[in-house]
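Below is one structure, written out as structure tokens, with a few remarks after it.
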Amino acid sequence: MLIDTAHVDPPTQSTSDEPPSRVFPDHRALRRDEFWRGIPAYAKVSEEEFRTHTFQNRHTVTNPRQLKETLGALAPEGFYEDLQAALDHAPMALRISPYLLGLIDWRDPLHDPIRTQFLPLRSQQQPDHPLLQLDSLHEQEDSPVPGLTHRYPDKALFLPQLSCPVYCRFCTRSYAVGNDTPEVEKLALTTSLARWEQAFAYIASQPDLEDIVISGGDSYNLKADHLQLIGERLLKMPNIRRIRYATKGLCVMPQKILSDHAWTDALTRVAELGRSLHKDVVVHTHFNHPAEITSITQDAMNVLVERGIHVRCQTVLQRTVNDDPATMTQLVRRLSYVNVHPYYVYMHDMVPGVEDLRTPLATAQKLEKYVRGATAGFNTPAFVLDAPGGGGKRDVHSPERYDRATGISVFTSPSVKPGKQFLYFDPLHSLSEDQRQRWTIPAERRAMIDAALGKS
Ligand SMILES: *Cc1c(COP(=O)(O)O)cnc(C)c1O
Ligand code: SF4
């Protein structure tokens, strides 16, 4: 279900407790049709071929020219120009799979939740909040060796490589992930075994580290033998108890699980090694909208379920994509239905160029109220904010202070950065006109922040 893009709760209005409807859309009705045949370039592609990762990789679209060749007249007048204008200012390069292109409703692409996430349009962009920054999570500051972020006492984030099967325009790691764009020259991290050795040596040297997130980039883009090597090296360290492979692949290219046997078997071998050592090996994935989950997703999940591989989902809350109770509830139920465990819903990070996708903190607080109670407690995700400046993840209900008028919330994180305060700023489009004006004046900005920090 889509809502009007102009929808934003006015800041003075309290969040409503009335559900829009008790009847949620059917989460069990997974698409089984040959939806891709509506795309001119895929009109003759058989189900058998569409279900291979080789077809998906070969036909992945990486520039507006290819998109035009694929879609032809399907996109509305002016669409390609609007896209190109957005790409000229975007922090992320374009990369989208045939699977996702086929799932976009091309009768109304401007409001389609999948189009919104992967194909930016200049006409929908909003000016950035004045306090946005690249690497808003300060991942590079908590990096003892290149490509490893060690922020929490017992867990760390390892980035073996920085490419993905698709590029999400809202990526938190737009400072590093993907190809350079006119706006952003990326952090250079080599995909070299020598760099990985440095990370392994560091991890082995930290007795408190028990849990490693293998992210990136995306584990889908690791070669099968590299995926296995990383898993085995980590599991064999006595201190390591848990590893997770992060991949958006299940959402954007479930075909790989079905047809890339070398990769799926490598993952299975690591999971089996984990079981034999009584250690936990899990996949973390990233779905944002119920339309991303089809019968192909279910088939891919069934393979993993049969092999005893558990999958959790981390969703990003995005305005017009999943910021209404019906969509979020349907997403959580549909994920659960295909055996993906909803783990987190993240507030959107404060990354540049995607201000149209951010919501105020109040939206996450409201959605959590609707989702909790709609299904099993263990399938109810935690709604969290990754505190800008390296505070780590915080429950959206735990700000020390939240001023809905200025849009400033203040968090503390005693186990991660004791004694420090972390600020999140609601997007300007969620504030009143008066408050928006105040943000344009540097002295007013300082006064608002000082007030939020209790300094005045
Ligand atoms: C999110 C994150 C983790 C994992 O945190 P969980 O809450 O356990 O999922 C680890 N390290 C960093 C730097 C992270 O951002
Ligand atoms: S798949 Fe993940 S890491 Fe890659 S671009 Fe999307 S959000 Fe960023």
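Some observations on this one:
- Hits in the range 339-383 (condition: out of contact with any Leu (no Cβ under 8 Å at 6 or more places or on another chain) and within 16 Å of ligand 2 (Cβ to nearest atom)): Tyr343, Tyr344, Gly353, Val354, Leu357, Arg358
- On the stretch given as the range 337-361, residues that are in contact with a strand residue (DSSP E or B) (Cβ under 8 Å, 6 or more places away or on another chain), touching a residue at least 60 places away in the same chain (Cβ under 8 Å) and not β-branched (Val, Ile, Thr) total 5.
- Near pairs, Cβ below 6 angstrom, 6+ apart or cross-chain, from the range 150-178 (of a type in the set (Val, Ile, Thr)) to any residue that is surrounded by 21 or more Cβ atoms within 10 Å (Cβ to Cβ) and part of a strand (DSSP E or B): Val166/Ile96
- Any hit, the range 203-213, residues being more than 16 Å from ligand 2 (Cβ to nearest atom), in a helix (DSSP H, G or I) and more than 30 Å from Arg31 (Cα to Cα): yes
- Counting residues in the range 60-74 that are among the hydrophobic types (A, V, I, L, M, F, W, C), at pLDDT below 95 and surrounded by fewer than 17 Cβ atoms within 10 Å (Cβ to Cβ) gives one or more.
- Only a single item in (1) open to solvent by 20 Å² or more (accessible area, probe 1.4 Å); (2) under 29 Å from Asn288 (Cβ atoms) is not met by Arg241, and it is number (2).
- Residues of the range 260-292 satisfying the condition of being charged (D, E, K, R) and in a helix (DSSP H, G or I): Asp265, Arg269, Glu272, Arg275, Glu292
- Condition check for Arg233: more than 16 Å from ligand 2 (Cβ to nearest atom), among the basic types (Lys, Arg) and in contact with a helix residue (DSSP H, G or I) (Cβ under 8 Å, 6 or more places away or on another chain): yes
- Scanning the range 174-186 for residues that are open to solvent by less than 40 Å² (accessible area, probe 1.4 Å) and either in contact with a His (Cβ under 9 Å, 6 or more places away or on another chain) or at pLDDT 75 or above (or both) yields a total of 6.
One line per residue, one yes/no per condition, for (1) within 14 Å of ligand 1 (Cβ to nearest atom); (2) modelled with pLDDT under 85; (3) surrounded by fewer than 17 Cβ atoms within 10 Å (Cβ to Cβ):
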site	(1), (2), (3)
Leu131	no, no, yes
His138	yes, yes, yes
Pro146	no, no, yes
Arg195	no, no, no
Ser219	no, no, no
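- The one condition from (1) at pLDDT 95 or above; (2) buried (at least 18 other Cβ atoms within 10 Å of the Cβ); (3) farther than 19 Å from Ile257 by Cα that Gln84 does not meet is (2).
- From Lys417, Lys393, Lys366, residue being open to solvent by 20 Å² or more (accessible area, probe 1.4 Å) and more than 16 Å from ligand 1 (Cβ to nearest atom): Lys366
The values are calculated or read from the model by the stated rules, or taken from the named source; none is laboratory data. Fair warning: this is a prediction, and the values are worked out from it, not measured in the lab. Ideal geometry is used to build each Cβ from the backbone, glycine not excepted, and the neighbour counts take in all protein chains shown. Only protein heavy atoms, including side chains, enter the accessible area calculation; ligands, DNA and RNA are left aside. Shrake-Rupley method; radii C 1.70, N 1.55, O 1.52, S 1.80 Å.
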